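Asker: Just dropping this structure here.
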Amino acid sequence: MKTVFIINPAAGKNNKINSIISAIRSASERLHKETEIYITKAIGDAEAFVRNYVITKGEARFIACGGDGTFSEVINGAYGMEGVEVGMMPIGTGNDFCRNFPEDITFLDAEKQITGQTTKCDIIRYTTEASGMMIQKYCANMFNIGFDCNVADLTSRMKTKPFISGSLAYFLSIFSVLLKKKGANLEIKLDGELKHRGPLLLTSVANGSFCGGGIKSNPCASVNDGIIDVNIIYNISRLNFLSKLPFYMKGTHTKLKNIQNIIAAYKCRRLTVTPLDGNMRLCIDGEIIDAGRTEFELIDSAIDFVLPGKCCEDKEVLKREPMAAR
């Protein structure tokens, strides 16, 4: 099986991209393995390339060299195709999907990406109306609505300004959005049962544990447990939210006393989120769209994900932290 490295040049700095290309070519020569490098040209290009490649050339291992957005495109191109494996070299901004695995897995090692074994991972299918048309696509890691989606949106715009780093842009965005206290007004149904209707600060629909470049918002989530994890943070005061934010970022908020009065944690297989005030901003692995009523459904063991340098049982390589859910 040929390994195809799909590089998003917008995801990293030029020197990083050049070093990765050099590492891929060196690894291919050492291993005497045939590889291919494809440089994406625009948003959506990776998805189209993967789909067309499999249709015309057959099975392959596709390694997304970029961030969560690039990996999401590869997933959308690969899902449902026979003989396809997917992996990720995290050179983007967030790289949150890879954070679900142990830190000793060397995702940036091109040679191990070529030789690594695979593990089964779930994905989430979502169906929504966006830009006047119905779309159905797939997400590997997490959806965010409300506060953290607004923060992600503002952060992406702030990072384009001179002298503002990614981390500084993120923290400036948190306080800017917090001053406006802009959340969302939603109806949320889990497995057909109404769980929330009205204003809230934020909600996350999670396959994995991390978002925003390392925020452990859903510490109980696992990308191979066959379950969607949902957080709903109620419409609490700014001061209350600020006091809990450090714990939320580290994933230790689940241990706080009376946290259930602030955050509701649920597990489900399907859910529907309906905005009560027109459309909602929906963040999908870092990419943001304006969406209407959205349906989410977990797809078990949907992808074969490459674990560089690993050869072990699926369940043993995933970070997980048990937490009681409603």
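Asker: Among the residues of the range 158-170, is there at least one that is over 19 Å from the mean Cα position of the chain (by Cα) and among the basic types (Lys, Arg)?
Answerer: Checked the range 158-170: at least one residue is over 19 Å from the mean Cα position of the chain (by Cα) and among the basic types (Lys, Arg).
Asker: List every residue pair whose Cβ atoms sit under 6 Å apart, with the two residues 6 or more apart in sequence or on different chains, where the first one lies in the range 188-205 and is more than 15 Å from residue 277 (Cβ to Cβ) and the second, anywhere, is modelled with pLDDT of 95 or more and among the aromatic types (Phe, Trp, Tyr).
Answerer: Between residues of the range 188-205 that are more than 15 Å from residue 277 (Cβ to Cβ) and residues that are modelled with pLDDT of 95 or more and among the aromatic types (Phe, Trp, Tyr), the close pairs are 190/266; 205/143; 205/296.
Asker: I've got another one for you. Of 125, 99, which residue is closer than 30 Å to residue 234 by Cβ and outside any strand (DSSP E or B)?
Answerer: Unique residue meeting the criteria: 99.
Asker: Right, here's the next one. Does any residue of the range 243-265 turn out to be in contact with a helix residue (DSSP H, G or I) (Cβ under 8 Å, 6 or more places away or on another chain) and in a strand (DSSP E or B)?
Answerer: Yes.
Asker: Here is a follow-up. What number of residues within the range 41-68 satisfy the criterion of being surrounded by fewer than 22 Cβ atoms within 10 Å (Cβ to Cβ), under 20 Å from the mean Cα position of the chain (by Cα) and assigned to a loop (DSSP other than H, G, I, E, B)?
Answerer: Within the range 41-68, residues that are surrounded by fewer than 22 Cβ atoms within 10 Å (Cβ to Cβ), under 20 Å from the mean Cα position of the chain (by Cα) and assigned to a loop (DSSP other than H, G, I, E, B) number 3.
Asker: Taking the range 165-187 on its own, how many of its residues are in a helix (DSSP H, G or I) and touching a residue at least 60 places away in the same chain (Cβ under 8 Å)?
Answerer: Qualifying residue count for the region: 3.
Asker: Next question, about the same structure. Could you identify the single residue in 104, 96, 109, 153 that is of a type in the set (Asp, Glu) and assigned by TED's automatic domain parsing to the domain that holds residue 285?
Answerer: Only one candidate qualifies: 153.
Asker: Now for a different question. Can you tell which of 267, 315 is at pLDDT 95 or above and either surrounded by 15 or more Cβ atoms within 10 Å (Cβ to Cβ) or out of contact with any Leu (no Cβ under 6 Å at 6 or more places or on another chain) (or both)?
Answerer: Checking each option against the conditions leaves just 267.
Asker: So, in the range 10-40, exactly how many residues are touching a strand residue (DSSP E or B) at 6+ places or on another chain (Cβ under 6 Å) and either part of a loop (DSSP other than H, G, I, E, B) or polar (S, T, N, Q) (or both)?
Answerer: 3
Asker: Provide a single number: the residues in the range 226-238 that are surrounded by fewer than 24 Cβ atoms within 10 Å (Cβ to Cβ) and either within 14 Å of the chain's Cα centre (by Cα) or not in a strand (DSSP E or B) (or both).
Answerer: Of the residues in the range 226-238, 7 are surrounded by fewer than 24 Cβ atoms within 10 Å (Cβ to Cβ) and either within 14 Å of the chain's Cα centre (by Cα) or not in a strand (DSSP E or B) (or both).
Asker: Still on this structure, please answer the following. Could you tell me which of the residues 205, 223 is aliphatic (A, V, I, L, M) and either assigned to a strand (DSSP E or B) or under 17 Å from residue 282 (Cα atoms) (or both)?
Answerer: Unique residue meeting the criteria: 205.
Asker: Could you list all residues from the range 272-312 that are small (Gly, Ala, Ser), modelled with pLDDT of 95 or more and crowded, with 19+ Cβ neighbours inside 10 Å?
Answerer: Result: 291, 302.
Asker: Could you run through the range 66-94 and say how many residues are of a type in the set (D, E, K, R) and within 17 Å of residue 307 (Cα to Cα)?
Answerer: So the count comes out to 2.
The values are calculated or read from the model by the stated rules, or taken from the named source; none is laboratory data. Computed from a predicted structure; not experimentally measured. Don't worry about glycine lacking a Cβ; one is built from the backbone with ideal geometry, like all the others, and counts go over all protein chains shown.
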